[in-house]
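Just so it is clear, none of the values below were taken in a lab; they were calculated from the coordinates. Only a predicted model underlies this, so the values are computations on that prediction, with no experimental measurement involved. No Cβ is skipped: glycine too gets one built from the backbone with ideal geometry, and neighbour counts run over all protein chains shown.
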Amino acid sequence: MTTRPAAWEPTSWRGFPALQQPDWPDEADLDRAIKQIAGYPPLVFAGEARSLQASLAQVSAGNAFLLQAGDCAESFEDFSADSIREKLRVILQMAVVLTYSMGVPVVKVGRMAGQFAKPRSNPTERIGDADIPSFRGHIVNDAAPTAAARVASPDRLVQAYHQSASTLNLLRAFTKGGFAALDRVHAWTQEFVSSSPEGRRYEQLATDIERALAFMRACGMDTESNPNLREVDVFTSHEALLLGYEEALTRRDSLTGAWYDCSAHMLWIGERTRDLEGAHVEFLRGVANPIGCKVGPSTTVDEVLGLCEVLNPARIPGRLTLISRMGVDRVESGLRPLLRAVTDAGHPVVWACDPMHGNTYSAPNGRKTRHFDAIMGEIQGFVLAHRAEGTWPGGIHVELTGENVTECLGGADALSDDDLDHRYETVCDPRLNGRQGLELAFRTAELVETHRMG
Ligand code: PEP
Ligand code: CO
């Protein structure tokens, strides 16, 4: 077990081994960019992070469900009001499906407004007969397969801050300004979705909701100005990978005196950086935001208990979300011992299922992909493991876009290997398209409902 000092500073992580940090060519240039960001305003406020934590506490108690969704990696190039709006639309649609079918509040968290940095399995990539640095997300370098494009540039940290700020600004405008009002539930459907079977199923549900709203109005309730029906909270999150960037946005809350990482409401630790002795665990243990940690198939009971102890020693409900990403074949056997151990130790965590990262493979044409059946299969295994252990399958963590892309196979459209090249636009991992996302929400709601009835 770690012998770490009780004291914590935003810089403490610097005394620990930090994996997955880029090779910055010029330290002075990096310092300049980090100092610039440290002087900028925070992107989120501590009170908002506390409000998310309170909602997640409801998830950990089995009274709410978490939907965490968005890009694998946000792009500097595909950055527009349209792409933000389309992503929000599918998240709102999925949330409505889950809320209506399961009858519990859905906590909505985007992999948005800061999800730029990518951990890599290999630091270099073979292109022709040269090894060049791997692409690490637009916050670090460019994806083009040349050595020059892959040089890490600190100016990109500053650009990522600004893009996060404008994405968050638009998200706030859409979610508080009327776009997300429940009486617009029909308007969230996109054309390419509305003609599909899941689109028609959604239309039926939207009509039911409209009738319910009309009924409430007829009973004298004011549905026009009730903020619960007019506005939604969509929180932001990303993997806290580049610790210099996160440190620069870590500020002391004037109300409570606690440190918050104000780059997003929620931050998570990735599968490759969850070492108990490492810098990422050290950094995140000290910020008061709700945090997540991925747990993959190699996670042992001792490791998961160690993570709970270090990241949430006070056992605050909603503070820690464990995001399992086992792969469809290992989810039940891998997860059950962890569920049992964490429950027996009395740690009030949120359990979420990332059904994407354990099910990635390369198609014959070399494209990275995932099959919808494996994704659904992992969610089913996740729900079954919880049923067997008597715990609450608290949520899902998925990679998606609102666009009609062809990156994941299967789904009602039955996308096949041949379709992959048609619209393969992700800068990193393959994402569900709008229709696949909606179908996943319907099927997840059914699985969880069966769990609750069972
Ligand atoms: C991700 O969420 O994009 C990711 C890299 O996941 P993991 O750390 O689980 O591999
Ligand atoms: Co990913």
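Kindly work out what percent of the DSSP beta bridges joining two residues of the chain are antiparallel, to the nearest 5. Bridges in the chain are about 25 percent antiparallel.
Tell me the net charge near E125. Cut-off is 12 Å between Cβ atoms, E125 excluded, with +1 for each Lys or Arg and -1 for each Asp or Glu. Around E125, the surrounding residues sum to +3.
With neighbour counts taken as other beta-carbon atoms within 10 Å, the residues R150, R230 rank, fewest first, as R230, R150. For the range 333-454, the dipole from Cβ point charges (+1 on Lys and Arg, -1 on Asp and Glu) about the Cα centre works out to 460 debye, to the nearest 20. Farthest towards the positive end of the charge dipole of the range 408-452, among the residues F442, P430, G410, is the Cα of F442, using unit charges on the Cβ of Lys, Arg, Asp and Glu.
Under the criterion of Cα pairs below 8 Å and six or more residues apart, the relative contact order for the chain equals 21 percent. Around the Cα centre of the range 232-345, unit charges on the Cβ atoms of Lys, Arg, Asp and Glu (plus for the first two, minus for the last two) sum to a dipole of about 200 debye. Give the shape of the chain as rounded, prolate or oblate, defined through the alpha-carbon gyration tensor: a ≥ b ≥ c are the square roots of its eigenvalues, a/c under 1.5 means rounded, and otherwise the shape is prolate if a/b is larger than b/c and oblate if not. Rounded shape, in that the Cα axes give a/c under 1.5.
In percent, rounded to a whole number, the relative contact order of the range 55-157 is 25, using alpha-carbon pairs under 8 Å and six or more apart.
Under a model in which nothing but the beta-carbon of Lys, Arg (+1) and Asp, Glu (-1) is charged, the chain shows a dipole of about 1100 debye around its Cα centre. Relative to one another, the C-alpha centroids of the range 174-198 and the range 92-145 are positioned 24 Å apart. Summing +1 for each Lys or Arg and -1 for each Asp or Glu among the other residues whose beta-carbon sits under 13 angstrom from that of A152 gives -1. Considering only T124, S83, A28, the residue lying farthest towards the positive end of the dipole of the range 25-138 is S83, judged by Cα position with unit charges set on Cβ.
Along its three principal directions, the equivalent ellipsoid of the range 110-230 from the Cα gyration tensor extends over semi-axes of 46, 19, 9 Å, largest first.
Counted by neighbouring Cβ atoms within 10 Å, the residues V96, V59, V158, V109 run from fewest to most as V158, V96, V59, V109.
For D261, neighbours were defined as the other residues whose beta-carbon sits under 9 Å from its Cβ, and their charges (Lys and Arg +1, Asp and Glu -1) total -1. The string of couplings for the range 132-145 from the Karplus curve (6.51, -1.76, 1.60, θ = phi - 60°) is 10, x, 5, 6, 10, x, 5, 6, 10, 8, 9, 7, 3, x Hz, one whole number per residue in order, with x for Gly and Pro. Using only alpha carbons, the range 398-454 has a radius of gyration to Kirkwood radius ratio (Rg to Rh) of 1.08. Counting every other Cβ atom within 10 Å of each residue's Cβ, W392, W13 order from fewest to most as W392, W13. Working note: 222 nm ellipticity from helices only, DSSP H runs with n ≥ 4, each -39,500 (n - 2.57), summed and divided by the residues of the chain, gives -12500 deg cm²/dmol to the nearest 500. Each part gets one Cα centre, and for the range 17-89 versus the range 209-232 those centres are 33 Å apart. Note on the range 286-445: Cα convex hull, mean projected area over all directions, 9.8 nm².
By the Cα gyration tensor, the range 1-50 has an equivalent ellipsoid whose semi-axes, rounded to whole angstrom, run 23, 22, 10 from largest to smallest. The count of lysine pairs in the chain that are at least 8 places apart or cross chains, and whose C-alpha atoms lie under 29 Å apart, stands at 13. The residue list G377, H397, G346 was ranked by how far each Cα lies along the charge dipole of the range 340-428 toward its positive end, using unit charges on Cβ atoms, and G346 comes out on top.
Normalised by residue number, the volume inside the convex hull of the Cα atoms of the range 54-149 is 132 Å³ per residue. Dividing the mean sequence gap of close Cα pairs (under 8 Å, 6+ apart) by how many residues the range 242-341 holds gives a relative contact order of 23 percent. Per residue, the convex hull spanned by the Cα atoms of the range 203-278 measures out at 194 cubic angstrom. Measuring from each cysteine beta-carbon in the chain, the ones with no other cysteine beta-carbon under 4.7 angstrom are C219, C262, C293, C308, C353, C408. Centroid-to-centroid, using Cα positions, the range 251-294 and the range 304-338 are 16 Å apart.
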